There are 2 protein chains.
Amino acid sequence: MYKVKVFVTLKESVIDPEGAAATKELKKSDFPVDNVRVGKYIELTIDQTDNVEDAVHDMCKNLLVNTEVEDYRFEIEEAAAK
Amino acid sequence: MYKVKVFVTLKESVIDPEGAAATKELKKSDFPVDNVRVGKYIELTIDQTDNVEDAVHDMCKNLLVNTEVEDYRFEIEEAAAK
């Protein structure tokens, strides 16, 4: 059993309206921030011992990530079976 | 200048419809996954040298995170000024 954490970010060339809105609001509150980008953070468990990395790439490319406009990276850590 | 990465997750007691849908679809495609939870991953830069951690807590509590239903954690790393 592994725990997987996937970080999904919009590609740099893609406009991020949610991030732009957050930047604006934070600046309005006098936080000296910039370049706020909002992506997705996905956690899951996978009950498989071989080729976990390949499986995660497959899941990302086929379902979790829109690779036309998004990039992803992930971390895999061993988890105790429940 | 610091780069900040914020991970926002739904509290465990909160139902996650998007995660439940992803779990179902991934299982349908024969991935042996469970407990898919979908949160937010926010990146930003902050141009401040003191009390950066406090500022990030303030931003999270006041704008980026709904602390009624979400938890957050963050990482701060030094970034070269552009």
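Restricting the first member to segment A:14-33 and to residues that are at the interface with another protein chain (Cβ under 10 Å from one of its Cβ atoms), and the second to residues that are in a helix (DSSP H, G or I) and among the acidic types (D, E), the beta-carbon pairs closer than 8 Å and six or more apart or on different chains are A:F31/B:D58.
In segment A:28-77, the qualifying residues are those that are outside any loop (DSSP other than H, G, I, E, B) and polar (S, T, N, Q), and the one that is surrounded by the fewest Cβ atoms within 10 Å (Cβ to Cβ) is A:N62. Answer yes if at least one residue in segment A:64-71 is of a type in the set (S, T, N, Q) and on the phi > 0 side of the Ramachandran plot, and no otherwise. So far as segment A:64-71 goes, no, none of its residues is of a type in the set (S, T, N, Q) and on the phi > 0 side of the Ramachandran plot.
Restricted to segment A:34-48, and to residues there that are in contact with a Phe, Trp or Tyr (Cβ under 8 Å, 6 or more places away or on another chain) and among the polar types (S, T, N, Q), the residue that is modelled with the highest pLDDT is A:T45.
If I filter segment A:1-13 down to residues being under 20 Å from B:I46 (Cα atoms) and either more than 9 Å from chain B (Cβ to nearest Cβ) or touching a helix residue (DSSP H, G or I) at 6+ places or on another chain (Cβ under 8 Å) (or both), which single residue comes out as surrounded by the most Cβ atoms within 10 Å (Cβ to Cβ)? Walk me through it before giving the result.
Let us first name the residues in segment A:1-13 that are under 20 Å from B:I46 (Cα atoms), namely A:9-10, A:12.
Retained after the next criterion (residues that are either more than 9 Å from chain B (Cβ to nearest Cβ) or touching a helix residue (DSSP H, G or I) at 6+ places or on another chain (Cβ under 8 Å) (or both)): A:10, A:12.
On the way: A:L10: 18, A:E12: 9.
Ranking the qualifying residues of segment A:1-13, first place goes to A:L10.
If the condition is being facing chain B (nearest Cβ under 7 Å), free of Cβ contacts under 8 Å to residues at least 24 places away in the same chain and over 28 Å from B:D50 (Cα atoms), then segment A:34-58 contributes only A:A55.
The values are calculated or read from the model by the stated rules, or taken from the named source; none is laboratory data. Just so it is clear, the model here is predicted, and its values are computed rather than measured. In this analysis, Cβ positions are derived from the backbone assuming ideal geometry, glycine residues included, and neighbour counts consider all displayed protein chains.
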